[in-house]
Amino acid sequence: MKIVVIGGTGLIGSRVVSRLQGQGHEVVPASPRLGINTITGEGLADALDGTSVVVDVSNSANFEYRTALEFFQTSNGNLLPAERAAGVAHHVALSVVGTKELSKGGDPEKTTAGYFVAKELQESMIAASGTPWSMVHATQFFEFIAGIADEQTVDGAVRVPPVLFQPMAADDVAAAVAGVAAEAPINGVLEVGGPERDRFDAIIRRVLAAGNDQREVVADPEAGYYGIAVGDRTLVPADGARQGATRLDDWLRESLAAAASGGNRAG
């Protein structure tokens, strides 16, 4: 069947495209640089002609409230009516485990809670669109943990809230999204997370140690998550959620080997 992947050239989208093509589907990666733009509407009607499933893994340029709100409101305001006009039978979107709680964790104008307010708006627009839908809520990606450590560094120490954390590989996120896209709509949410659940500070330590980063990691009750107050289970899915296959230590070994190989080729 024909599947259009909005954000199909990004970290997750490119992997979703590859997986769905491997399953034999006709897959159209959509992005502004490919002439398909959900913000302006350019190319949407032609791309959606004959499409059975739309997968939306596009994202705002940043976490700032107004930027994110405008992006999701405009993008979905163009995309969802275009899907109805084209007779699309299934809309699949990627969102975040804990979105509802994260949206209430701080001032939306001053913290990244505003981004999650915008994500909630996106989800409500999809549910009200009239097109059968499925939502994948994923935990944080392994690929972003080092960046989180940098974001949470204060006076040379990485300070994170003393909460549970269950990150996953981008490949496993894409596998979950592609799997849902090939199935019937659930008109609900599927939660996915990594195969290991540990304390936030313990996982940060493992990632830093793999890169020989000597920064101290502190479990600080006063620390937020990107400035947001979080509870012990905000960042993890419900028990029994679907799990990715890739363990953190395996991902770290593969990533370091790939980096070393790339460095050798560059030299």
The range 21-77, residues that are among the small types (Gly, Ala, Ser), over 20 Å from residue 183 (Cα atoms) and not in a loop (DSSP other than H, G, I, E, B) | 30, 45, 47, 68, 75, 77
Looking across the range 199-212 at residues that are touching a helix residue (DSSP H, G or I) at 6+ places or on another chain (Cβ under 8 Å) and surrounded by 15 or more Cβ atoms within 10 Å (Cβ to Cβ), the single one that is nearest to residue 159 (Cα to Cα) is 204
Could you please give the count of residues in the range 56-65 that are aliphatic (A, V, I, L, M) and either crowded, with 17+ Cβ neighbours inside 10 Å or more than 21 Å from the chain's Cα centre (by Cα) (or both)?
-> 1
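Select from the range 234-255 the residues that are outside any loop (DSSP other than H, G, I, E, B) and not basic (Lys, Arg) and write down the one among them that is nearest to residue 98 (Cα to Cα). Let's see the steps before the verdict.
Narrowing the range 234-255 to residues outside any loop (DSSP other than H, G, I, E, B): 242-243, 248-255.
Restricting the remaining residues to those that are not basic (Lys, Arg) gives 243, 248-252, 254-255.
Numbers: 243: 16, 248: 21, 249: 25, 250: 26, 251: 24, 252: 25, 254: 29, 255: 27 Å.
Only one residue tops the list, namely 243.
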Restricting attention to the range 24-55, report how many residues are loosely packed, with under 14 Cβ neighbours inside 10 Å and among the polar types (S, T, N, Q).
-> 1
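Matching residues to (1) among the hydroxyl-bearing types (Ser, Thr, Tyr); (2) within 23 Å of residue 112 (Cα to Cα); (3) touching a Leu at 6+ places or on another chain (Cβ under 8 Å):
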{"position": "219", "(1), (2), (3)": "no, yes, no"}
{"position": "235", "(1), (2), (3)": "no, yes, yes"}
{"position": "244", "(1), (2), (3)": "no, no, no"}
{"position": "262", "(1), (2), (3)": "no, no, no"}
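State which residue is farthest from residue 31 (Cα to Cα) when the search covers only the range 82-108 and only residues that are part of a helix (DSSP H, G or I), in contact (Cβ under 8 Å) with a residue 24 or more places away in the chain and of a type outside the set (Ser, Thr, Tyr). Break it down stepwise before answering.
Pass one, the range 82-108, residues part of a helix (DSSP H, G or I): 82-86, 99-103.
Remaining after also requiring in contact (Cβ under 8 Å) with a residue 24 or more places away in the chain: 82-86, 99, 101-102.
Checking the rest, the ones that are also of a type outside the set (Ser, Thr, Tyr) come to 82-86, 101-102.
Details: 82: 16, 83: 16, 84: 20, 85: 20, 86: 19, 101: 30, 102: 28 Å.
The residue in question is 101.
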Options 127, 138, 223: the member that is surrounded by 22 or more Cβ atoms within 10 Å (Cβ to Cβ), out of contact with any His (no Cβ under 9 Å at 6 or more places or on another chain) and either farther than 24 Å from residue 108 by Cα or at pLDDT 95 or above (or both) | 138
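Among the listed residues 30, 45, which satisfies the condition of being under 18 Å from residue 4 (Cβ atoms) and either at pLDDT below 95 or out of contact with any Gly (no Cβ under 8 Å at 6 or more places or on another chain) (or both)? Can you show your working first?
On the way: 30 fails: either at pLDDT below 95 or out of contact with any Gly (no Cβ under 8 Å at 6 or more places or on another chain) (or both).
Residue meeting the stated conditions: 45.
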Contacts under 7 angstrom Cβ, first residue in the range 125-149 being in contact (Cβ under 8 Å) with a residue 12 or more places away in the chain and among the hydroxyl-bearing types (Ser, Thr, Tyr), partner buried (at least 21 other Cβ atoms within 10 Å of the Cβ) and in a helix (DSSP H, G or I), 6 or more apart | 129/80; 131/80; 131/83; 134/180
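The values are calculated or read from the model by the stated rules, or taken from the named source; none is laboratory data. Only a predicted model underlies this, so the values are computations on that prediction, with no experimental measurement involved. Cβ: placed from backbone, ideal geometry, glycine included. Neighbour counts: every protein chain shown.
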